[in-house]
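Please treat every number below as a calculation from the coordinates, not as lab data. None of the values given here were measured: they were computed from a predicted structure.
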Amino acid sequence: MPRPASPVGQGESASLYRARSGRASPPLRVPGARLTGLGGGVLLVLAMLTAGWLDARTAGGSATAYGVCFLVASAAGAAWVRPVDLATAPVTAPIAFAVGAVPLSGGSGGLAGQAMGMVTVLSLNAGWLYAGTLLSALIAFARRVALIRSRRRERSRQRRRPSRPPRSPRCSGAERERSRR
C-alpha cells in the first residue's frame, strides 16, 4: 500500500536532506525577512515618522517613548536588511530619526521656527540618536562577521582533504611487483 505524499519540504526525506546537506542558514537574520538597503531605509523612515506622529499626538512629545521606538526600529532595520546591504543600516538610522522628529519639533513662525524646533529636538535627543545608531552598527557588524565566518567555514569544508590521503603510484602493489622483476 503506497504512503500518502507529504507536502514539499516536509517529511523524513526533506529533514534527512537538510541534515546531510551541511548548509546552515545565515546567522543573526530574521527568517523570511530580506530588505534591500533602500527598502529598509524607507521602512525605517516610515516607522519613525509614524512613531513621531503618534508620540506627538498621544504622549505629548515624550523623548523617552520616541527614543525607545527608535532603538527598536534601528535594531529591526539592521536585522532585516540583506547581507549585501549591511552597510546601509547604520546610515539610514539617523536619517529616519531626523525625519521622525519633524512632528515632535513643534516649531512655529514659518520655516525658521520649524528649523529651530528641529535643531532643539535633535540636540535634546542626541543620546537616543547615538544609542540607536550604535546599536544598528553593532548588529550590522556582528552579522557581517558571522557571515564572513560562515563563508570561510563553507570554503574550508569544500576544500577539506579526504580522511585517507590517496596512495602514491610508487607505493602501490602493482608498482612494487614491476620493480622486483
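Before moving on, here are some points about what is shown:
- Value in Å of the Kirkwood radius, where the stretch 44-96 supplies the Cα pairs that are averaged: 11.4
- Inverse of mean 1/r across different Cα pairs in the stretch 71-118, Kirkwood, Å: 12.2
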